[in-house]
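Reviewing the structure listed below.
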Amino acid sequence: MPYGSAIIAAIESLKDHETGSPISSIRRHILDDTNDNNSDDPSWNEVHFQKTLKTLVEKGGLLQINGINYKFSDQYLQRRVEALRARAESIEEQTYKTAVEHHHAREIPSKEAPKKKT
């Protein structure tokens, strides 16, 4: 299980942007999403979950608040905004190129002189 992306998705879904999301809610959200409502299930590894949270905090992606809540850091949010802007620009450029190619690809029907009846 990719815990990093699951944790990020859980925090995004929980929408506790001001106070942060409690670790228990993050865990429950991930387990609900994977339909493993049992934390004793062998596919759930609490040690990896805790280490991933710690790593995300150390790398600056998350902030730990009051020891039990986690929220996105300003650094993470800024990187995310920049990535979304770059993606939007890429889509805009691709849309423009497609429109130009489509415009140039259109054939203008030539007007032929009507055939003479003989």
Q. Which one of the conditions (1) within 23 Å of residue 3 (Cα to Cα); (2) at pLDDT 90 or above; (3) part of a helix (DSSP H, G or I); (4) open to solvent by 60 Å² or more (accessible area, probe 1.4 Å) does residue 63 fail to meet, given that it meets all the rest?
A. (3)
(Q) Filter region 4-16 down to the residues that are within 13 Å of residue 28 (Cα to Cα) and buried (at least 16 other Cβ atoms within 10 Å of the Cβ) and list them by number. (A) 6, 7, 10, 11, 14
(Q) Cβ-Cβ under 7 Å, sequence separation 6+ or interchain: first residue in region 62-76 and touching a residue at least 40 places away in the same chain (Cβ under 8 Å), partner charged (D, E, K, R) and in a strand (DSSP E or B). Which pairs? (A) 62/71; 63/71; 65/71
Q: Select, from 25, 43, the only residue that is more than 23 Å from residue 81 (Cβ to Cβ) and either crowded, with 17+ Cβ neighbours inside 10 Å or at pLDDT 95 or above (or both).
A: 25
Q: Give me the pairs, please: first residue somewhere in region 31-50 and closer than 13 Å to residue 2 by Cα, second residue anywhere and surrounded by 10 or more Cβ atoms within 10 Å (Cβ to Cβ) and at pLDDT 90 or above, beta-carbon distance under 7 Å, and either six or more positions apart or on two chains.
A: 44/31; 48/3; 49/3; 49/27
Q.
Quick check on my filter: what residues within region 1-33 are over 15 Å from the mean Cα position of the chain (by Cα) and outside any helix (DSSP H, G or I)?
A. 1, 16, 17, 18, 19, 20, 21, 22
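The values are calculated or read from the model by the stated rules, or taken from the named source; none is laboratory data. Values in this document were obtained by computation on a predicted structure and should not be read as measured data. Positions of Cβ are generated from backbone atoms using ideal geometry, with glycine treated the same way; all protein chains shown enter the neighbour counts. For the accessible areas, the whole protein counts, side chains as well, though only heavy atoms, and no ligand, DNA or RNA atoms are used. Shrake-Rupley method; radii C 1.70, N 1.55, O 1.52, S 1.80 Å.
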